[in-house]
1. Among (1) touching a residue at least 60 places away in the same chain (Cβ under 8 Å); (2) in a helix (DSSP H, G or I); (3) under 23 Å from residue 409 (Cα atoms); (4) not basic (Lys, Arg), where does residue 381 come up short?
2. Among the residues in the stretch 187-207, are any open to solvent by 50 Å² or more (accessible area, probe 1.4 Å), closer than 25 Å to residue 366 by Cα and in contact with an Asp or Glu (Cβ under 9 Å, 6 or more places away or on another chain)?
3. Of everything in the stretch 401-435, what is in a loop (DSSP other than H, G, I, E, B) and among the hydroxyl-bearing types (Ser, Thr, Tyr)? Give them in sequence order.
4. Output the residues belonging to the stretch 181-216 that are within 16 Å of the ligand (Cβ to nearest atom) and either without any contact (Cβ under 8 Å) to a residue 40 or more places away in the chain or at positive phi (or both).
5. Can you tell me which residue within the stretch 73-108, out of those that are within 13 Å of the ligand (Cβ to nearest atom) and closer than 30 Å to residue 387 by Cβ, is surrounded by the fewest Cβ atoms within 10 Å (Cβ to Cβ)?
6. Restrict the check to the stretch 4-26 and report whether at least one residue is within 16 Å of the ligand (Cβ to nearest atom), within 29 Å of residue 152 (Cβ to Cβ) and surrounded by 17 or more Cβ atoms within 10 Å (Cβ to Cβ).
7. Condition first: part of a helix (DSSP H, G or I) and in contact (Cβ under 8 Å) with a residue 60 or more places away in the chain. Now tell me which residues in the stretch 107-126 satisfy that.
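The values are calculated or read from the model by the stated rules, or taken from the named source; none is laboratory data. For clarity, every value in this text was computed on a predicted model and none was experimentally measured. Neighbour counts are summed over all protein chains in view; Cβ atoms, including those assigned to glycine, are modelled from backbone coordinates with ideal geometry. SASA here: full protein model, heavy atoms, side chains in, ligands and nucleic acids out. Shrake-Rupley method; radii C 1.70, N 1.55, O 1.52, S 1.80 Å.
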Amino acid sequence: MRPNLGSVQLAASAAWTLSGNDIGTMITAAPRLYPHMWSWDTAFISIGLAHLNVARAARELETLLGAQWRNGMIPHIVFSEGTGYFPGPERWGAAELNADAPNSPRTSGICQPPVHAIALRRIVDIARSQGEREVAFKLLKSAWPKLYRWHEWLVRHRDPLGTGMIAIVHGWESGMDNSPRWDIPYAAVNPGPDLPAYVRLDRGLVAEDAERPSDAEYDRYLWLIEEMRKVRYDADAVVRTSSFLVGDVFVTALFALASEVLATLGEESEQPAWQIRQLRGWARRSRAAVAASHDPLTGLARDRDLRGDHWLSTSTIAGFAPLLCGGLPIDAEKAMLATLTGPDWAGHPELFAQIPPSVSPNDSGFRPREYWRGPVWPVIAWLFGWAFEQRGWLSESDHLRSECLRLAADGSFAEYYHPVTGEPLGSRQQSWTATVVLDWLHCPPG
Ligand code: 2M8
């Protein structure tokens, strides 16, 4: 039978999971599958940590920001001394090839979704509510300029059309690695005969191979790294040459949301007025780009393949991006929210809990055990819940929170879950799952 922990036990178990993943220099994303620091995982990890120890949360975020490239990019992986993950620092060769990359710690050469300002907002609020104003203020002062530079890097190097639609050069940058969103753009990535041989280490660390991407997918992931190595990770050259270049609507919505959040945090900490104005302008433009991607036929937002120069209408959870950042006409927004909570998505009658999965159970491409092709991801639900709360949709946000807690009550803190059976999948004791659970447990319904 599925275990069903009470909230005190669940909170203790989440805290225990985090301390188990703490290797002294960082909290790793997961014990075996991911023995390093991942950019957006760490943002979520620091939120949960703040409930346990604000100073520790600040340190975690600062460790990530300490690995920021000199040009402003926050790398997607900050490597620990641990081994057991492929591709590791040698395969990336970032510091060897690009003078902007730090030598120590070693990092990968791409980025991940810009959710860090949201984490900073949460940590500052939690710190204030605990009377830790001093720690909050110090963190705000040190992190804000770094996050501003990160957002500026995205605008400068990742908005190739100048429309506010933020582009990614690798599916890993979306955080939704093998989502069907990327099937068409990846079909145009042709690994060359000079792709160096490699051995995957992720297989064997999950119950079934099908829970991870296929070998053909991995060839493409690795080939894109080769392409980037050839131009020494020069940001603009990568955008010019990568065979994968997609305007990512979900990343763009997160960027718009996080830019607004960062602007407000800037006002609270007396940052330069021109930078605050700039952030609001970037948010406006990216919000408009998200709204412009709205497909009247499906009612969802779309990614844009910038190599093939066409919209990508694959229906996935990312299509609900406008609900994160706003910007749609009110009727379209209402219809979108109704779709998200309705029978095609979170309200599907067969689901274990009413949480939107990564792909609709009614979609022909729905694969309930296959990574980003169907399972439920608690962090994604957290993002929607948090955004809904900001937007004043409290009953939707509360409902998502209680359904997620019901799913997570098994105490596995799985990386992702089977949407129909609630079975834990992928890694167990995944840090970001433990931390969003902690945040939900500490926040009584609005
Ligand atoms: C997954 O991605 C990594 C590559 O970055 C992998 O599969 O090896 C994704 O779910 C990503 O969003 C996440 O940040 C990372 C660590 O949890 O794992």
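1. Status for residue 381: all satisfied but (1).
2. Checking the stretch 187-207: at least one residue is open to solvent by 50 Å² or more (accessible area, probe 1.4 Å), closer than 25 Å to residue 366 by Cα and in contact with an Asp or Glu (Cβ under 9 Å, 6 or more places away or on another chain).
3. Within the stretch 401-435, 412, 421, 427 meet the criteria.
4. Those that are within 16 Å of the ligand (Cβ to nearest atom) and either without any contact (Cβ under 8 Å) to a residue 40 or more places away in the chain or at positive phi (or both): 203, 204, 209, 214, 215, 216.
5. Filtering first and then ranking leaves 76.
6. So far as the stretch 4-26 goes, yes, one or more of its residues are within 16 Å of the ligand (Cβ to nearest atom), within 29 Å of residue 152 (Cβ to Cβ) and surrounded by 17 or more Cβ atoms within 10 Å (Cβ to Cβ).
7. Correct list: 116, 117, 118, 119, 120, 121, 122, 123, 124, 126.
Quick grid of which residues meet (1) at pLDDT below 95; (2) part of a loop (DSSP other than H, G, I, E, B):
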{"residue": "150", "(1), (2)": "no, no"}
{"residue": "160", "(1), (2)": "no, yes"}
{"residue": "173", "(1), (2)": "no, no"}
{"residue": "183", "(1), (2)": "no, no"}
{"residue": "189", "(1), (2)": "no, yes"}
{"residue": "202", "(1), (2)": "yes, yes"}
{"residue": "207", "(1), (2)": "yes, yes"}
